[in-house]
C-alpha cells in the first residue's frame, strides 16, 4: 500500500514540493536538476532509484527489532513519507534509538538543513565509533584493507 502511494506521489508534477518544504532549498534542488548531469552519473542514479523503489513495496517496520546498535531516525516536520506510525515503531522497537526532528524541513532534511544535518551525522558517527570501541574493542575492520585503523591485519 505505501509503495503504491509513494509511486503515485512520485509521478505527481509537484512531487519535489511535497518532499522539500523550504522555498530556498526547493529552488536549489530544482536548479541542480536542471543543470547538465553526466550520463554515467545519471544512469547510476537511475539504477539506485530503482533499487530504492523496490524496497518501498515491502514493509521494513518488522526489521526494526533487529537493530541492536545505536541508531538515529532523522525526520522533517513536514515529511510526507515518514509518518507517526513509523516513528512510534522506531521508538518502540529500537532500544538504542533516538528521533531527531527538523520542524521546518520535509523529507529531504539534508537539503533543507545541511549544516545541522551534517553536525548530527558527524555526531552519530563519532558516537558509533565510541560504541564500537567500548563493546567490540575497536572500530570495524576496513573492508578495503582488512586492517583496523592504525594497526595491522590479523586473522
Residue 80 in contact with a helix residue (DSSP H, G or I) (Cβ under 9 Å, 6 or more places away or on another chain), modelled with pLDDT under 90 and under 24 Å from residue 130 (Cα atoms): no
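Taking into account only those residues within segment 22-32 that are touching a residue at least 12 places away in the same chain (Cβ under 8 Å) and in a helix (DSSP H, G or I), which is farthest from residue 115 (Cα to Cα)?
Taking segment 22-32 as the starting set, the residues that turn out to be touching a residue at least 12 places away in the same chain (Cβ under 8 Å) are 22, 25, 28-30.
Going one step further and asking which of them are in a helix (DSSP H, G or I), we end up with 25, 28-30.
On the way: 25: 13, 28: 15, 29: 16, 30: 20 Å.
Selected residue: 30.
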In segment 48-68, residue surrounded by the most Cβ atoms within 10 Å (Cβ to Cβ) [restricted to those that are modelled with pLDDT under 80 and in a helix (DSSP H, G or I)]: 53
Number of the condition not met by residue 148 [criteria: (1) surrounded by 12 or more Cβ atoms within 10 Å (Cβ to Cβ); (2) within 29 Å of residue 30 (Cα to Cα); (3) at pLDDT below 90]: (2)
Residue selected from segment 86-116 under the condition out of contact with any strand residue (DSSP E or B) (no Cβ under 8 Å at 6 or more places or on another chain), within 21 Å of residue 128 (Cβ to Cβ) and surrounded by 14 or more Cβ atoms within 10 Å (Cβ to Cβ), by the criterion modelled with the highest pLDDT: 93
The lone exception for residue 45 - which of (1) modelled with pLDDT of 75 or more; (2) under 18 Å from the mean Cα position of the chain (by Cα); (3) farther than 21 Å from residue 112 by Cβ it fails: (3)
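The values are calculated or read from the model by the stated rules, or taken from the named source; none is laboratory data. Being a predicted model, the structure only gives us computed values, none of them experimental. Heads up, the Cβs are rebuilt from the backbone with ideal geometry, glycines too, and the neighbour counts pull from every protein chain shown.
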